[in-house]
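Read the figures in this text as sums done on the coordinates, not as results from a lab. Keep in mind the model is a prediction, meaning the values are calculated, not measured. All Cβ positions, even for glycine, are placed from backbone atoms using ideal geometry, and neighbour counts span all protein chains on display.
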Amino acid sequence: MSTFELIDPEIEAYCESHTTAESELLHRLYRQTHLQTINPRMASGQLQGQFLSLISKMTHPRRILEIGTFTGYSAICLAEGLAGDGELHTIEINEEYEDRIREYFAQSPDRDKLKLHIGDAKTIVPTLQATWDLVFIDAEKTDYQEYYDIVLPRVRKGGFILIDNTLWNSKVIHEVQHNDKDTQAILSFNDRVQQDCRVRNLLLPFRDGIMIMEKLQ
């Protein structure tokens, strides 16, 4: 855990107490994730989960792509806004999470819309014959630029891309250690997006930072 706090913990607790509660399914998944995984903080949780759900419901996408499933919390949230004939494809590189993901996907009311792929997103995404309305990326930070380059041409004009952890525990505003490849990659990625005329972008200081992009062309 970084020594830098993006949001005062008391403010975050207040926000949680004034945000719609997570479903019983998500509550169980979040609790099990904290009990049985090494990095439970990677799970979206109530605030980010509700944010993702609302974004999905506002855009009502037919095709969602997620890179970085972890235990499935964010995918279940994003699926809540899918159109009736919609699908969410989510890619997780760590096969150790597969059984848990499938267990909870099977209990979701959107189970038939959730499509799990196990493997490297850099090789899987090009094989998916789809134009994406909404993309959420929360995976290996040093690969963010490559994910972006692969995904953007496959997003429809007016579609949205959300990238998690783009403030990286506030490390982006502090001196970067020469061996801190993750922070260096995020700084480079944020700069690249800021200069990309193909998108309109907003770096939202929410949780660990979410870069939101609308594809313009």
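When Lys and Arg each count +1 and Asp and Glu each count -1, what net charge do the other residues less than 14 Å away from Arg28, Cβ to Cβ, add up to?
-1
Rounded to the nearest 500 deg cm²/dmol, what is the calculated helix-only ellipticity per residue at 222 nm for the chain, with -39500 (n - 2.57) per DSSP H run of length n ≥ 4?
Estimated from H runs of four or more residues: -10500 deg cm²/dmol.
Please work out how much length the chain gains when fully extended from Glu98 to Asn39, using 0.36 nm per residue of separation minus the C-alpha to C-alpha distance, in nm with one decimal.
19.7 nm
With an 8 Å cut-off on Cα pairs and a minimum separation of 6 or more residues, tell me the relative contact order of the chain in percent.
17
Quote the convex hull volume per residue of the chain, based on C-alpha atoms, as a whole number of Å³.
Hull volume over Cα atoms, normalised by residue count, gives 125 Å³.
If neighbour count is taken as other Cβ atoms inside 10 Å, put Leu202, Leu162, Leu78, Leu26 in order from fewest to most.
Listed from fewest to most nearby Cβ atoms, that is Leu202, Leu162, Leu26, Leu78.
Name all residues of segment 52-71 having a backbone nitrogen under 13 Å from the label point set 7 Å from the Cα of Ala83 along its Cα→Cβ direction, giving them as ranges.
59-64
Quick check: the distance between the Cα centres of segment 20-99 and segment 136-152, to the nearest angstrom?
Answer, in whole Å: 18.
Whole-Å semi-axes of segment 50-165's equivalent ellipsoid, largest first, each the root of 5 times a Cα gyration tensor eigenvalue?
They are 19, 18, 12 Å, listed largest first.
Of the cross-linked pairs Lys57/Lys171; Lys141/Lys215; Lys122/Lys215; Lys113/Lys141; Lys115/Lys171, which ones have a Cα-Cα span greater than 23 Å in the structure shown?
Lys57/Lys171; Lys113/Lys141; Lys115/Lys171
Would you please give the residues with an amide H less than 5 Å from that of Arg62, counting only those at least 5 places away or on a separate chain, with H modeled from the backbone geometry?
Here Ala83, Asp133 satisfy the definition.
Just to check I understand the Karplus step: with θ = phi - 60° and J = 6.51 cos²θ - 1.76 cosθ + 1.60, what whole-Hz values come out for segment 18-34, glycine and proline as x?
10, 10, 3, 5, 5, 5, 4, 4, 5, 4, 5, 5, 5, 5, 5, 4, 6
Could you go through segment 195-208 in sequence order and give the Karplus-derived ³J(HN,Hα) for each residue, using 6.51 cos²θ - 1.76 cosθ + 1.60 with θ = phi - 60°, rounded to whole Hz, and x for Gly and Pro?
Karplus values, whole Hz, x for Gly and Pro: 9, 8, 6, 7, 10, 9, 10, 9, 8, 8, x, 10, 6, 9.
Figure the gain on full extension for Met58 and Ala130 (residue separation times 0.36 nm, minus the Cα-Cα span) and round it to one decimal in nm.
Extra length available between Met58 and Ala130 comes to 23.8 nm.
Between Val172 and Ala106, take the C-beta separation as r, use R0 = 45 Å, and let me know the FRET efficiency to the nearest 0.05.
E between Val172 and Ala106, to the nearest 0.05, is 0.75.
Tell me, what HN-Hα J-couplings in whole Hz come from the Karplus equation 6.51 cos²θ - 1.76 cosθ + 1.60 at θ = phi - 60° for each residue of segment 104-115, using x for Gly and Pro?
7, 4, 5, 9, 6, x, 9, 3, 6, 9, 9, 10
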